[in-house]
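See structure below.
Just so it is clear, none of the values below were taken in a lab; they were calculated from the coordinates. For clarity, every value in this text was computed on a predicted model and none was experimentally measured. When we count neighbours, we look across all protein chains shown, and the Cβ atoms used for this are built from the backbone with ideal geometry, even at glycine.
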Amino acid sequence: MKIIMCKFFSLHIFMLCSDMMYVLGEIGNSSENYTTGNWRILYSYKHPGHKRGTRSNVFNLGNRGEKKVRFLNHNYTETIQIGDEAHLRCFIRNYTEMAVYWLKVDQKTKEEKELTSNFTTTHMDKRFKQNKRERSENWELSIKYTQKSDEGYYSCRVTTLEEPPIYIYIELKLVEAVAQILETDDEIPGKIKVKLFSPLRLSCVLNNSITPPQYIFWYHFDTMINYDLEDNASVRRGTQGSELIFPKTEQSHQGNYSCVPSNAKQASIVVEVYGESDLLMGNTAKRKMGNLDFFPYLLISHYIKNLIFFVGEV
């Protein structure tokens with residue numbers, strides 16, 4: 001059978017078969033019927049010399065190679081760091097008109113709250129946004145400045161006129177990165193003792209870190225010192241940590257230090273410098289001891305002076 005089809009004023013199709021020529025008209029007003037709908041035979045013309053075949057008054061053109069909307073990915077889990085931007089992927093192969101929705105599923109009540117409809121954010125929180133690049137099949141949901149409350153299940157849902165809704169679920173997990181300053185004093189947590197004039201190295205590492213921070217700042221009390229270091233001090237930066245190095249510890253270096261990453265919880269430690277105070281106490285004690293050793297001579301001298309004065313008067 002050889003089939004030749006052509007549109008006539010977007011309302012009719014002529015179909016030439018081996019024995020009949022059919023003129024088909026659309027059922028309904030939807031232009032999508034050309035792809036997926038049914039067509040009704042308006043009238044037919046029998047070719048001479050050919051037998052009439054059986055025919056139906058409804059012709060389903062959509063059954064010939066019909067393709068449906070479908071997802072290209074399945075349910076999955078996305079794990080990111082708190083504060084980072086989340087990108088939830090939803091790949092859809094589209095052959096017809098459709099609407100795409102993103103919804104947040106309440107873990108306790110199982111209720112669904114609509115976040116976006118196509119490219120419109122319907123939620124009051126404008127951190128949620130639906131994106132799709134040109135020629136891409138990814139209808140992505142982005143969430144800026146993620147918070148712990150954003151954790152949970154999200155649904156990507158597709159609706160069409162011809163089919164029931166289809167959807168996939170994405171679980172979003174959020175982890176909190178925490179900075180830690182390695183301590184050398186096990187007796188007093190959060191405090192480190194260092195001898196005067198000896199080297200000091202404060203090492204800050206990031207735990208549960210997924211995304212490297214944009215910066216790690218060091219603070220001495222309330223002052224950021226990364227770019228204002230003295231006494232040949234330096235900062236060494238790694239992908240997941242930082243070190244503050246003092247080649248020679250001075251008395252002015254003691255106090256509270258904080259390691260502050262851009263996307264992790266900060267850590268603090270107290271530095272105590274010892275040595276100078278002990279030296280001062282030692283010198284003071286020696287001076288006091290020296291005065292005590294000289295005290296008997298002072299008494300004798302005072303006694304002799306008073307004795308001479310008393311004899312002179314007699």
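Observations on the structure shown:
- Segment ARG201-ASP125, length gained on full extension (0.36 nm per residue, minus Cα span): 22.9 nm
- Its Cα centre serving as origin, region 124-233 has a Cβ charge dipole (Lys and Arg +1, Asp and Glu -1) of approximately 280 debye.
- For the peptides 162-175, 240-253, the ranking by packing is 240-253, 162-175, with the highest mean count of neighbouring Cβ atoms within 10 Å listed first.
- Lys/Arg +1, Asp/Glu -1 at C-beta; region 70-175 dipole; positive extreme among THR121, ILE143, GLN81: GLN81
- Net charge, SER142 excluded, C-beta distance under 15 Å - Lys, Arg +1, Asp, Glu -1: +2
- FRET efficiency, ASN256 to GLN214 (Cβ-Cβ, R0 25 Å, nearest 0.05): 0.55
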